[in-house]
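Following: one structure in structure tokens, then a few remarks.
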Amino acid sequence: MADHLEASVTLPSDPASVAAARSYVVGTLAEWGLPAEAEVSETVRLIVSELATNAVQHTFGQSPTFTVDLALDRDERLRLGVTDSHPRFPKRLLGRRPAGQRPGHGDHPLADGGVRRQAEGAPDT
């Protein structure tokens, strides 16, 4: 394997793009030697699905696109990022979910430090 592999795709902030993001990530991991049916591929697919959905649903039309970035280092550490151009950090909802809001799979693994500000000023999840 190469010392460092990177891949990126930018998609429109549209619900149909969530499936495209999942397919892109699983396909890229397969090209890098990780079969789509591997448990870690399924986990990454779920995380991408959740983050891409958040990027589409919670930017309220203020981000026309979102970008999915992947990086795999020689020590087999995978970094995954989903970035939108909304000008503010996401707000954490505390307490109960509003009436009628369906629960997702959740992004609790990202709860601590999962969002950081990029140099350009947009939040990066």
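Go through the residues of segment 98-109 one by one and say whether even a single one is modelled with pLDDT under 85, in a helix (DSSP H, G or I) and within 13 Å of the chain's Cα centre (by Cα).
The first filter runs over segment 98-109 and keeps only residues modelled with pLDDT under 85, leaving 98-109.
Next cut, in a helix (DSSP H, G or I) only: 108-109.
When the remaining residues are screened for being within 13 Å of the chain's Cα centre (by Cα), the result is 109.
Yes, some residue in segment 98-109 is modelled with pLDDT under 85, in a helix (DSSP H, G or I) and within 13 Å of the chain's Cα centre (by Cα).
Return a yes/no flag: does segment 15-23 have any residue that is among the charged types (D, E, K, R) and surrounded by fewer than 12 Cβ atoms within 10 Å (Cβ to Cβ).
Checking segment 15-23: not a single residue is among the charged types (D, E, K, R) and surrounded by fewer than 12 Cβ atoms within 10 Å (Cβ to Cβ).
I'm trying to understand the selection: among the residues of segment 1-60, which are assigned to a loop (DSSP other than H, G, I, E, B) and either without any contact (Cβ under 8 Å) to a residue 60 or more places away in the chain or among the aromatic types (Phe, Trp, Tyr) (or both)?
So the first thing to find is which residues in segment 1-60 are assigned to a loop (DSSP other than H, G, I, E, B), and the list is 1-3, 13-15, 32-38, 58-60.
Those that are assigned to a loop (DSSP other than H, G, I, E, B) and either without any contact (Cβ under 8 Å) to a residue 60 or more places away in the chain or among the aromatic types (Phe, Trp, Tyr) (or both): ASP14, PRO15, TRP32, GLY33, LEU34, PRO35, ALA36, GLU37, ALA38, HIS58, THR59, PHE60.
Inspect segment 67-75 for any residue being in a loop (DSSP other than H, G, I, E, B) and on the phi > 0 side of the Ramachandran plot and give the result as yes or no.
Of all residues in segment 67-75, those in a loop (DSSP other than H, G, I, E, B) come to 74-75.
Retained after the next criterion (residues that are on the phi > 0 side of the Ramachandran plot): none.
No, there is no match, as no residue in segment 67-75 is in a loop (DSSP other than H, G, I, E, B) and on the phi > 0 side of the Ramachandran plot.
The values are calculated or read from the model by the stated rules, or taken from the named source; none is laboratory data. None of these values were measured; they are calculated from a predicted model. We place every Cβ from the backbone using ideal geometry, glycine too, and count neighbours over all the protein chains shown.
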